[in-house]
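Participant: First, the structure itself, so that you have it in front of you.
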Amino acid sequence: MYANNEDKFSSTWWDDFLSSTQNMSQTAVIRNGMPKEETALMQQYILEILADIAKLRTNKFGYRVYIDGVQLENNDMIQVYDSPPKKDETLAEWVNRAFGERKFGMIINQGERFNLELSKLIAFKLKPLLDKIGMPTEGIIFTLFIGNYDSTPLGIHLDLPGKSVIHFHLGPGSKTMYTWDTKEYLDLVGEEKYNNQNINKYLPFANKHHFDEGDIYFMPEDTYHVGTQEGLSVAIA
């Protein structure tokens with residue numbers, strides 16, 4: 001567990017991060033990384049991204065929407081494009097208007113393309129870390145998560161090779177990430193290893209990592225994982 005440092009995202013703060021994660025080789029939760037004023041601002045930037053993508057009426061950039069656990073196909077996406085967040089609408093107001101009581105989840109890859117202010121904000125936070133470890137081969141890529149789904153629609157899965165995850169949790173709801181030791185997981189599941197929807201069967205063998213609004217979660221590459229959550233939340237990974 002990470003010990004607080006008042007000078008958030010400074011060179012010293014990142015030194016503590018590297019120590020807590022054993023040089024980015026171990027999963028860790030960093031508490032109270034961002035104040036509510038900042039998480040609210042970042043939520044607003046993501047709502048603006050959703051509105052811009054709705055104008056483009058595209059599901060490129062890895063944009064996927066799930067409602068009640070079912071991924072929407074091209075024609076079904078019209079209902080999402082027709083209900084974008086409005087200017088000055090809060091996250092909760094938009095969700096209530098667009099989805100009502102339905103469970104939904106959204107995933108957007110390449111989120112760094114869409115909002116310059118959000119990209120700058122994250123870049124300034126990461127700069128002292130990148131000064132220490134260098135720029136990743138493929139650069140920094142944002143994946144945005146929005147929704148009130150019970151668990152990640154992808155099931156238990158593995159990210160693409162070389163992708164370590166720094167997850168900025170913007171709330172308002174909490175999230176729990178479950179991870180597995182790779183060898184133990186593969187011995188347990190056999191052929192079910194990819195996008196495994198049989199989550200409850202394997203939770204007793206998982207490591208549990210709970211985090212709240214403003215917390216930051218780190219996960220090294222090649223880690224089988226699935227996220228569950230309590231209510232509505234937004235995140236940048």
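The values are calculated or read from the model by the stated rules, or taken from the named source; none is laboratory data. Every value quoted in this text rests on a predicted model; they were computed, and no experiment measured them. Every residue, glycine among them, receives a Cβ derived from its backbone with ideal geometry; neighbour counts consider all protein chains shown. In case anyone asks, the SASA skips ligands and DNA or RNA and just uses the protein heavy atoms, side chains included. Shrake-Rupley method; radii C 1.70, N 1.55, O 1.52, S 1.80 Å.
Participant: In whole angstrom, and with the biggest value first, how far do the Cα coordinates of the stretch 91-227 range along each principal axis?
Facilitator: Principal axes ranked by extent give 44, 43, 22 Å for the Cα atoms.
Participant: Note down the net charge around G173, summing +1 for each Lys or Arg and -1 for each Asp or Glu among other residues with Cβ under 9 Å from its Cβ. Walk me through the intermediate numbers first.
Facilitator: On the way: positive: K175; negative: D212, E213, E230.
Spelling it out: positives minus negatives among the neighbours equals -2.
Participant: I'd like the distance between the alpha-carbon centres of the stretch 188-221 and the stretch 5-28, rounded to an integer number of Å.
Facilitator: 22
Participant: A further question on this structure: Once you put a point 7 Å from the Cα of L188 and another 7 Å from the Cα of L130, both along the Cβ direction, what distance in nm separates them?
Facilitator: It is 3.7 nm.
Participant: Also, quick follow-up: With the other protein chains left in place, how much accessible area per residue, in square angstrom, belongs to the stretch 10-100 at a 1.4 angstrom probe? Spell out each step's value before the answer.
Facilitator: Details: 4870 Å² over 91 residues.
Here the residues of the stretch 10-100 average 54 Å² of exposed surface.
Participant: By the scheme Lys and Arg +1, Asp and Glu -1, what is the net charge of all other residues having a beta-carbon under 15 Å from that of V189? Kindly include the intermediate steps, with their values, before the conclusion.
Facilitator: Values: positive: K183, K193, K201; negative: D181, E184, D187, E191, E192.
Charge balance in the 15 Å sphere: -2.
Participant: Continuing with this model, one more query. Take the Cα of Q79, step 7 Å along the line toward its Cβ, and report every residue of the stretch 50-67 whose backbone nitrogen sits under 14 Å from that point.
Facilitator: Answer for the stretch 50-67: 65-67.
Participant: Could I ask something else about it? Multiply the residue gap between S25 and V70 by 0.36 nm, knock off their C-alpha separation, and tell me the result in nm, one decimal place. Write out the running numbers ahead of the final one.
Facilitator: Numbers: separation 45, 0.36 × 45 = 16.20 nm, distance 3.40 nm.
Between S25 and V70, full extension yields 12.8 nm more.
Participant: Among 109-119, 193-203, how do they line up from the highest to the lowest mean number of other beta-carbon atoms within 10 Å?
Facilitator: On the way: 109-119: 17.0, 193-203: 13.9.
Descending mean neighbour count gives 109-119, 193-203.
Participant: How large is the helix-only mean residue ellipticity at 222 nm for the chain, computed as the sum of -39500 (n - 2.57) over DSSP H runs with n ≥ 4, divided by its residue count, in deg cm²/dmol to the nearest 500? Walk me through the numbers on the way to the answer.
Facilitator: Values: 7 runs with 74 residues, N = 237.
Taken over the chain, the calculation gives -9500 deg cm²/dmol.
Participant: Using only Cα atoms, what Kirkwood radius does the stretch 1-76 have, in angstroms? List each step's numbers first, then the result.
Facilitator: Working: mean 1/r = 0.0630 Å⁻¹.
Computed over Cα pairs of the stretch 1-76, the Kirkwood hydrodynamic radius comes out at 15.9 Å.
Participant: Let me ask something else about it. Just need log10 I(q)/I(0) for the stretch 79-142 at q = 0.20, 0.27, 0.28, 0.29 Å⁻¹, Debye formula, equal scatterers on the alpha-carbon atoms, no solvent, rounded to two decimals.
Facilitator: Here the Debye-derived log intensity ratios amount to -0.90, -1.23, -1.26, -1.30.
Participant: Using a Gaussian network model of the chain with C-alpha springs under 10 Å, which one of Q71, Q22, Q44 is most mobile by mean-square fluctuation?
Facilitator: Of Q71, Q22, Q44, the Gaussian network model singles out Q22 as fluctuating most.
Participant: Taking the alpha-carbon set of the stretch 6-130, what are its Rg and Dmax in Å?
Facilitator: 17.4, 50
Participant: Can you tell me what percent of all Cα-Cα pairs in the chain are more than 24 Å apart?
Facilitator: 45
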